[in-house]
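In what follows, a structure is listed as structure tokens, so that the remarks can point back to it.
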Amino acid sequence: MTRRAMLWWGVGALVAAVALGAATSGVLGFDATMIDIWWNGEMAQWRSDVVVGAAYVLNDVGGGWIATFAIPIAIAVVLLLMRRWRAAVFALLAFIISAGLVQALKHLFGRARPEDMLVLSDYGSFPSGHTANAATIAAVAVLLFPRVWTAIVAVAWVVAMALSRTLLSVHWMSDTIGGALVGIAASLLLAAAMLRWVQQKPSSVEGAEALRQ
């Protein structure tokens, strides 16, 4: 994907997320939540001990200190061990920008969460921070390691996280779509600005140091 394409796709994803938030939060003066209400009811019928247990695991892994600190730091450490310090910087910045956009949109729209939540959560239903974080991980992985299997695993991870959020009724379906759009937008916009630098080969000095090590 070219730099221009990443820029426009990133802008498009962010605009789509804002538009979706406006449409489902009553900002535009009409109710666009009928599908959300229907989907919430459908998900309630799929609850079983095994499925809900898996959703609880994703709830813990995809949020809180694990998603905010542990996973980004772990990804950065792995990239550093692979001698890809530029990629580590890119990944950390992507997580920071994605989290910032999520909080900004939460406070902008202030959407109420479903009433039948199975877990406690913070302020603002739109967008889903868990799904945004999953989408950021997925997008960063695909951008840094553009392989078919990477894309397949990335998509599966985002879908699983999105489904878990609606299964627990902690988010509406449109919240998870908005979260995925935010995570993708943050990663693509940052990639448009940084990816060429990230993909640069080590300079002669860096190469010499790497050989000595």
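The values are calculated or read from the model by the stated rules, or taken from the named source; none is laboratory data. The structure displayed is predicted, hence computed values, not measured ones. Backbone-built Cβ (ideal geometry, glycine too); neighbour counts: all protein chains shown. SASA here: full protein model, heavy atoms, side chains in, ligands and nucleic acids out. Shrake-Rupley method; radii C 1.70, N 1.55, O 1.52, S 1.80 Å.
Please go through segment 116-130 and pick out each residue that is of a type in the set (Ser, Thr, Tyr) and either closer than 10 Å to VAL170 by Cα or crowded, with 20+ Cβ neighbours inside 10 Å (or both). Of everything in segment 116-130, those that are of a type in the set (Ser, Thr, Tyr) and either closer than 10 Å to VAL170 by Cα or crowded, with 20+ Cβ neighbours inside 10 Å (or both) turn out to be SER121, SER125, SER128.
For segment 13-65, taking the residues that are among the aromatic types (Phe, Trp, Tyr) and not in a helix (DSSP H, G or I), the one that is farthest from LEU189 (Cα to Cα) is identified as TRP46.
Within segment 116-169, being outside any helix (DSSP H, G or I) and of a type in the set (D, E, K, R) holds for ASP116, ASP122, ARG147.
Residues that are at pLDDT below 95 and in contact with a Leu (Cβ under 6 Å, 6 or more places away or on another chain) were ranked within segment 118-150; the one that is nearest to PHE69 (Cα to Cα) is VAL119.
For segment 176-185, the count of residues that are of a type in the set (A, V, I, L, M, F, W, C) and over 27 Å from ARG84 (Cα atoms) is at least one. Here MET173 fits the description: touching a helix residue (DSSP H, G or I) at 6+ places or on another chain (Cβ under 8 Å) and open to solvent by 10 Å² or more (accessible area, probe 1.4 Å). Each residue in segment 176-195 was checked for being open to solvent by 10 Å² or more (accessible area, probe 1.4 Å), within 15 Å of ALA138 (Cβ to Cβ) and more than 12 Å from the chain's Cα centre (by Cα), and 1 pass.
If you go through segment 86-104 one residue at a time, do you hit one that is part of a loop (DSSP other than H, G, I, E, B) and either modelled with pLDDT of 95 or more or touching a Leu at 6+ places or on another chain (Cβ under 9 Å) (or both)? No, that holds for no residue.
Just one of the listed residues (VAL148, VAL158) is touching a residue at least 12 places away in the same chain (Cβ under 8 Å), among the β-branched types (Val, Ile, Thr) and either open to solvent by 10 Å² or more (accessible area, probe 1.4 Å) or touching a strand residue (DSSP E or B) at 6+ places or on another chain (Cβ under 9 Å) (or both), and it is VAL158.
Within segment 178-202, residues that are touching a residue at least 60 places away in the same chain (Cβ under 8 Å) reach partners that are aromatic (Phe, Trp, Tyr) with beta carbons closer than 7 Å, at six or more positions or on different chains, in the pairs GLY178/PHE126; LEU188/TRP9; LEU190/PHE90; MET194/PHE90; VAL198/PHE90. Answer yes if at least one residue in segment 66-84 is assigned to a helix (DSSP H, G or I), hydroxyl-bearing (Ser, Thr, Tyr), surrounded by fewer than 19 Cβ atoms within 10 Å (Cβ to Cβ) and under 14 Å from the mean Cα position of the chain (by Cα), and no otherwise. Yes: segment 66-84 contains one or more residues that are assigned to a helix (DSSP H, G or I), hydroxyl-bearing (Ser, Thr, Tyr), surrounded by fewer than 19 Cβ atoms within 10 Å (Cβ to Cβ) and under 14 Å from the mean Cα position of the chain (by Cα). Only one of the numbered conditions (1) surrounded by 14 or more Cβ atoms within 10 Å (Cβ to Cβ); (2) in a helix (DSSP H, G or I) is violated by ARG113, and that is (2).
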